[in-house]
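The structure appears right after this line, and notes come after that.
Bear in mind these aren't lab numbers, they're just calculated from the coordinates by the rules spelled out. No experiment lies behind these values; they were computed from the predicted model shown. Cβ coordinates were reconstructed from backbone atoms using ideal geometry, including for glycine residues, and neighbour counts include every protein chain displayed.
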Amino acid sequence: MKKRAKTLPGVTRRQVLTWSTLGVAATVTRAADAVSLKGSPGWTPFSDNPPETFDQPGWLFFTQEEAETVEAIVDRLIPADELSVGGKEAGCAQFIDRQLHGFYGTFERLYMEGPFQKGTTEQGDQSALVPQQRYRQGLAALNRYVQQTSKKSFKELTPQQQDALLEAMEAGKVHFEGFEAQSLFLEVLNNTMEGFFADPIYGGNRDMASWKMLGFPGARYDYRPYIERHNEDLHLEPISIGQWKAKDKP
């Protein structure tokens, strides 16, 4: 048998329904006001939880040798062409350096207690190593391998030699002493893509190179005037979170 909802003594069901309707209407009205453009908005992006950024010059985590190795790698993963600059000029290595220097580098926001077991492909890496350790150990193992096989460092290899080694790392056809080569490749590849396409406030995508290449207008305040305009170039200059001001609304 279905139970009937109880009402307070002296309160009719009609009154309850009326109050509920008014409450919903008030909520909708407030929501409409929140997304309407009525003058300059009184807020700035991430004012309650600002992104982690670092303004210090130079490398914050990498040694000079590590930085040069990563710059060489990102420039082969994203080589310069007629569409955009390469990974090095786009600041991908600097992006990775800043991420490693921050809370990503230590995984301080993740649960990192054992046991550590090999996971499935869907579970991702289950290593006990945090990104700072992975890069430090992985780059050292990479340069040891290159030194042993060619008497050079990775950055001293020709672009063709660098490509061949990176392809072998990706395919799991080369093995480093003390570190898994394929794991290092995937780590750097993912972080390089993040640095190339992320907001420049994080250190990569310098001069919004990738956004300009794609025609992405960036972190603008409001897009409603353009929702119904399909398949056309709006000629909007991309805007970074760090550049955002009320006057930048489209």
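Quick notes on this structure:
- Reachable aspartates and glutamates from residue 155, criterion Cα separation under 17 angstrom, eight or more residues apart if same chain: 65, 66, 68, 71, 75, 89, 163, 167
- Exceedance of the 28 Å cut-off in Cα-Cα distance is limited, within the set 118/173; 118/151; 88/173; 151/173; 88/151, to 118/151.
- Separation in nanometres of the label points that stand 7 Å from Cα toward Cβ, at residue 116 and residue 63: 2.1 nm
- Spin-label zone in region 181-207 - amide nitrogen under 20 Å from a point set 7 Å from the Cα of residue 167 along the C-beta vector: 181-190
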